[in-house]
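The structure under discussion appears below in the form of structure tokens.
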Amino acid sequence: MFQFDTLSMIFIALILLGVIPNLFYSSGYLPHIDRKVHYLLHYFAFIGSMLGVVVSANALMFLFFWELMSLTSWQLILTEVKDKNTISAARFYFLMTHFGFIFLLLFFLIVTNGNLDVGFAEMKNIASGFMYPTVLFFFLVLGFLSKAGAVPLHVWLPYAHPAAPSPVSALMSGVMLKVAIYGMFRFLFDVLYPWPLEWGIVILVIGSLSSIIGVLYALSEHDIKALLANHSIENIGIILIGFGMGMIFDSLNLKVLSTFSFIAALFHTFNHMSFKSLLFMGAGSVLHQTHTKNIEKYGGLIKTMPITALTFLLASISISALPPSNGFLSEWMIFQSMLGSSHIDNMPLKLAIPFAVFALAVTGGLAIACFVKAYGITFLGLHRSTNAKHAHEVNFLMTAGMILMSLVVISLMLFTPFYIGWFDEALAGLGKVSVYAKIFPSGIWNMHSVSVHGGIVSPLVLLASLTGVTALLMFGYKAMKVKERVHNTWGCGYKTGAKTQYSATGFAGPIRRFFNWLYKPDEHFTKQTIAGHQSKFSDSYYEVHVKPLFETSLYTSVAKAANFISYWVYRLAHFEQIRYTAMIFNLMLLVLFSYRIFSHEFSWATFALESVIMMISIKVFIIGDKK
Amino acid sequence: MIAYLATIVLLFLLAPILLSFIKALKMVLLFKKPVSVFQGYRNFSKLMHKETIISRETSSITRYAPFLVLSPLLVVMFFLPPVVHGAYYVSFVDAFTITGLISLSTFFLMLLGLDSASAFGGMGSSREAFISALVEPAMVLTVFSVSMMAGDLGVGQAGVNLAEHFPQEHMASFLFAGISFFILLIAENGRIPIDNPETHLELTMVHEAMILDLTGVYLALIETASSVKFVIFASLFVSLFIPLGLEYSTPIAILVFVAKLFAVAVAVALLEVNTAKLRLFKVPNLLGISIVFAFLSLITFYVLGA
């Protein structure tokens with residue numbers, strides 16, 4: 001029924017690390033929720049179901065808790081229904097999560113032979129006898145990655161996460177997505193073990209695409225929670241890059257590199273849990289004070305909300321993968337695992353891996369840009385709205401939640417060897433080679449890459465030297481006793497005000513313009529010119545909105561196609577009776593002609609003739625004249 | 001160990017001289033009366049004696065960020081490749097960490113730009129964010145390729161390896177990586193054609209726009225940071241792509257190294273005199289060239305066989 005092996009324990013730890021600070025935050029947030037009983041009931045059921053997913057040892061329990069997790073989180077999104085958007089976001093989430101659930105159900109029905117009580121070992125036997133393992137793999141990918149939010153099943157994240165109350169978005173983005181990663185680990189390792197090379201490549205491609213697309217849409221986003229949700233897509237992509245590299249190395253029999261990549265993926269899973277929860281809590285506090293999710297209405301909040309600002313800064317540094325943060329360490333490990341691709345003999349694959357390196361590096365660069373934007377526009381400069389002016393630090397419990405979460409971030413940074421040792425143990429328990437001794441061959445100070453000529457990093461030395469040098473410089477500055485004077489910012493002779501600052505739209509402007517072919521932004525620009533002068537205006541308004549490409553191409557067009565087909569089906573169902581006869585006649589013609597083509601000789605001349613006859617009869621009998 | 005520390009001090013002292021030298025050389029080439037090569041020191045001491053003006057709109061970020069801009073770069077100074085034979089070098093930090101530390105410095109510089117609520121600062125940050133987002137992939141790919149050729153990802157070890165066993169058979173990929181890295185050197189240090197360090201025109205400013213509101217010691221810190229950044233890139237370039245002179249005796253090796261640094265400075269000055277600054281939206285083309293060369297370098301390395 002339940003099992004508690006090291007992988008489960010790791011994910012229990014992940015959930016608890018994410019949940020405990022969230023409990024504080026949530027209790028601080030509680031007074032602002034109207035439906036308290038509804039909220040608390042689903043909140044605790046949600047946490048319990050996540051724990052249930054990672055400890056269940058058979059398909060029935062797994063599916064039960066998985067579904068419970070989906071339903072409770074769906075209800076949690078609906079806690080504060082303020083507008084129609086929340087309801088449609090929740091409906092979209094409900095649809096997407098059940099889209100994934102169908103595939104999981106199919107997967108389990110196949111690998112358990114219909115008896116959902118069997119354990120994982122038995123499933124493996126059945127799966128190895130199944131003729132089309134790739135089908136099972138795709139069921140898993142669709143099932144888990146629609147929950148994790150990988151491209152192209154990511155579209156629900158930027159809707160569902162902003163709609164939920166802040167503690168819930170922290171939990172959903174920080175923890176629930178990781179439960180889907182747990183599913184990937186559990187069932188790919190325990191049930192579908194010998195992986196063909198192509199599976200790893202599929203995961204790597206999905207990961208690279210998700211990381212770039214996530215960060216690009218995050219940059220163009222003005223809703224702070226949607227921005228963070230898009231970053232979740234990016235980080236899930238990074239995790240999947242590590243995961244995919246692990247699978248590729250495993251199928252090429254490079255076992256040490258494989259374990260290293262999987263450790264990198266697990267480590268990034270933890271890191272993303274920590275900093276993304278912290279970012280959502282910070283965003284929630286800002287939202288709570290300013291009552292708007294629009295980043296353009298913030299500004300200058302560091303002066304009134306110092307704790308939120310400081311913890312948000314820590315998380316921003318970490319998510320931007322800047323040393324010496326934990327985010328840097330896991331991204332470093334993923335880069336190192338990709339550098340290990342020089343050991344691959346398969347030349348096309350070897351030449352393709354640098355493109356994934358490129359994807360990850362672009363993602364890193366754009367993530368820095370995005371978090372400078374998010375932090376700078378939210379917390380720095382002058383307040384851009386009255387609400388931002390009157391904001392003050394959130395209550396004690398909420399700050400306690402944020403501080404606890406930043407302690408989790410710091411602990412991941414300081415105790416990296418401990419966490420890596422634990423991940424290594426879990427992977428060894430799943431039948432992989434242990435590499436801890438190779439990563440830390442000489443004590444905990446230096447982290448080595450396992451590939452030949454790989455890199456080395458010393459997180460603690462870096463942290464100590466950075467703080468040391470900074471402290472020394474600041475001490476020198478203090479010792480100099482420089483005279484300080486406070487004066488206005490220079491504004492070319494004009495007054496510096498909230499309106500003269502750069503806006504988030506303006507900040508992302510160059511990048512948006514460079515990626516115009518992808519964004520295809522929807523721009524609204526109006527101005528009231530004075531006396532017909534083009535360059536003199538009293539009032540102007542510019543707004544740009546980016547509609548996600550995947551949503552328009554994949555989802556909206558599918559919906560349109562369905563509409564189109566249903567229209568024709570409707571037309572068909574309302575024909576006059578004579579047309580049914582005509583249709584039967586045409587169908588018979590089709591059957592006769594195809595019988596001739598498939599079972600007798602084939603010649604282009606008769607084929608063309610028959611096609612013409614078919615077309616004419618369809619035109620004359622079925623479509624008929626235009627009315 | 002002495003050679004190691006002496007090199008760091010030497011590089012630190014050379015940093016302002018190199019930038020002033022570029023400026024002086026440009027002025028000579030434009031038939032102007034050149035500034036002294038010690039102008040950097042003069043500016044520094046002038047700024048150190050000034051009072052600091054902090055704008056009313058700023059927050060605590062302005063008080064801390066200048067230190068955080070400089071300190072990662074100072075830390076990187078300790079990780080550079082050795083200049084003389086047998087000198088100590090740091091083997092426990094690799095090239096990725098160095099690029100990360102440089103990004104950390106840029107991160108705080110961009111926050112600093114946004115802190116003063118001035119339109120200039122935001123503009124500079126926005127442009128810098130755009131450029132550095134595109135520099136990142138070229139940087140990582142170049143590092144990747146160089147580490148393959150040098151047989152180590154740590155820059156110290158890589159410098160020594162390249163000086164001792166130069167990979168003749170990979171000359172093509174070596175050259176491609178060199179071109180890519182030189183473009184990065186120009187882009188990261190905000191030189192023409194990416195950015196013009198001497199202008200205060202809002203159409204063209206990138207780096208200057210972010211620090212427009214600083215003065216006194218804070219400005220001195222940022223100016224030091226930009227000269228240190230140049231010397232880091234120049235010394236990485238000469239150690240990795242012109243790996244000559246490590247085998248000579250100590251004084252000659254140091255002389256050769258300094259001469260190579262000045263050669264890079266001359267190259268940058270000549271480039272600056274002979275090209276115009278690119279429009280911001282043409283910059284991606286140049287960085288795209290850098291990315292393509294980095295890719296080519298890796299691909300030729302793989303195809304010609306390791």
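Each value in this text was obtained by applying a stated rule to the coordinates, not by laboratory testing. Just so it is clear, the model here is predicted, and its values are computed rather than measured. Note: ideal-geometry Cβ built from the backbone for every residue, glycine included; neighbour counts use all protein chains shown.
Brief remarks follow.
- Over 20 Å between alpha carbons, listed pairs A:Lys178/A:Lys225; A:Lys178/A:Lys276; B:Lys32/B:Lys282; A:Lys255/A:Lys350; A:Lys225/A:Lys276; A:Lys373/A:Lys495: B:Lys32/B:Lys282; A:Lys373/A:Lys495
- The ellipsoid equivalent to the alpha-carbon distribution of the protein assembly as shown has semi-axes of 49, 34, 31 angstrom, derived from the gyration tensor eigenvalues as √(5λ) and listed largest first.
- Given R0 = 25 Å, the distance between the Cβ atoms of A:Phe475 and B:Tyr41 translates into a calculated FRET efficiency of 0.65.
- Neighbour-count ranking [beta-carbon atoms within 10 angstrom, fewest first] of A:Lys350, A:Lys619: A:Lys619, A:Lys350
- Zone of A:Val569's modelled label, taken as backbone nitrogen in region A:586-627 under 16 Å from a point 7 Å along Cα→Cβ: none
- Folded to 0 to 90 degrees: helix A:36-55 orientation relative to chain A principal axis, Cα: 70 degrees
- Counts of other chain beta carbons within 10 angstrom of each beta carbon in peptide A:139-146 average 0.
- Per-selection Kirkwood Rh - region A:205-361 (Cα, Å, 1 d.p.): 16.5 Å
- Of the residues B:Leu296, B:Leu30, B:Leu112, the one that moves most in a GNM of chain B with alpha-carbon contacts below 10 Å is B:Leu30.
- From helices alone, chain B scores -24000 deg cm²/dmol at 222 nm; the rule is -39500 (n - 2.57) for each run of n ≥ 4 DSSP H residues, then divide by the residue total.
- Cα gyration tensor, region A:1-194 - rounded (a/c under 1.5), prolate or oblate: prolate
- Among the chymotrypsin sites (Phe, Trp or Tyr not before Pro) in region A:428-510, those placed in a DSSP loop whose Cβ has at most 13 other Cβ atoms within 10 Å are A:Trp445, A:Tyr494.
- Using only side-chain charges placed at the Cβ, +1 for Lys and Arg and -1 for Asp and Glu, the dipole size of chain B relative to its Cα centre rounds to 820 debye.
- Over the C-alpha atoms of region A:500-549, the Rg to Rh ratio, Rh being the Kirkwood estimate, stands at 1.07.
- Inter-chain neighbour count for A:486-498: the average number of beta-carbon atoms from partner chains within 10 Å of each residue's beta-carbon is 5.
- Averaged over the residues of B:205-213, the number of partner chain Cβ atoms lying within 10 Å of the residue Cβ comes to 1.
- Of the beta bridges in the protein assembly as shown, as assigned by DSSP with both residues counted there, near 75 percent are antiparallel.
- For chain A, adding -39500 (n - 2.57) for each run of n ≥ 4 DSSP H residues and dividing by the number of residues yields -22500 deg cm²/dmol at 222 nm.
- The trypsin sites (Lys or Arg not before Pro) of region A:413-509 meeting both criteria, a DSSP state outside H, G, I, E and B (loop) and at most 11 other C-beta atoms within 10 angstrom of the site's C-beta, are A:Lys481, A:Lys483, A:Lys495.
- Ignoring the sites themselves, chain A has its longest run without GluC sites (Glu not before Pro) in a DSSP loop having at most 14 other Cβ atoms within 10 Å at A:1-575.
- Lys/Arg +1, Asp/Glu -1 at C-beta; region A:140-250 dipole; positive extreme among A:Leu153, A:Ser211, A:Ser169: A:Ser169
- Fraction of alpha-carbon pairs over 23 Å apart in region B:58-206 - percent: 45 percent
- Filtered chymotrypsin sites (Phe, Trp or Tyr not before Pro), region A:1-92: DSSP coil and at most 11 other beta carbons within 10 Å: A:Phe4
- Equivalent ellipsoid semi-axes - Cα gyration tensor, region A:443-597, angstrom: 65, 38, 12
- Order by protection proxy (mean Cβ within 10 Å, highest first), peptides A:314-324, B:208-218: A:314-324, B:208-218
- Region A:230-244 versus region B:137-183: alpha-carbon centroid distance in Å: 29 Å
- Residue with peak Gaussian network fluctuation, chain B [Cα springs, cutoff 10 Å], from B:Gln168, B:Gln39, B:Gln157: B:Gln168
- Relative contact order (%) - criterion: Cα under 8 Å, at least six apart; region: chain A: 13 percent
- Column: log10 I(q)/I(0), Debye, Cα scatterers of region B:2-303, q = 0.07, 0.14, 0.15 Å⁻¹: -0.26, -1.08, -1.24
- The peptide list A:369-379, B:10-20, put in order of mean Cβ contacts within 10 Å with the highest first, becomes A:369-379, B:10-20.
- Against chain A, whose longest principal axis comes from its Cα atoms, helix A:120-129 is set at around 40 degrees.
- As an equivalent ellipsoid, region A:355-475 spans semi-axes of 36, 20, 19 angstrom, where each value is the square root of five times an eigenvalue of the C-alpha gyration tensor, largest first.
- Span from the region B:26-78 Cα centroid across to the region A:125-203 one, whole angstrom: 50 Å
- Region A:479-544 versus region A:1-49: alpha-carbon centroid distance in Å: 42 Å
- Between helix B:171-188 and chain B: long-axis angle, C-alpha atoms, 0 to 90°, nearest 10: 10 degrees
- Whole-number percent relative contact order across region A:1-194, with pairs defined as alpha carbons under 8 Å at least 6 apart: 26 percent
- Relative to its Kirkwood radius, the Cα radius of gyration of region A:551-623 gives an Rg/Rh of 1.14.
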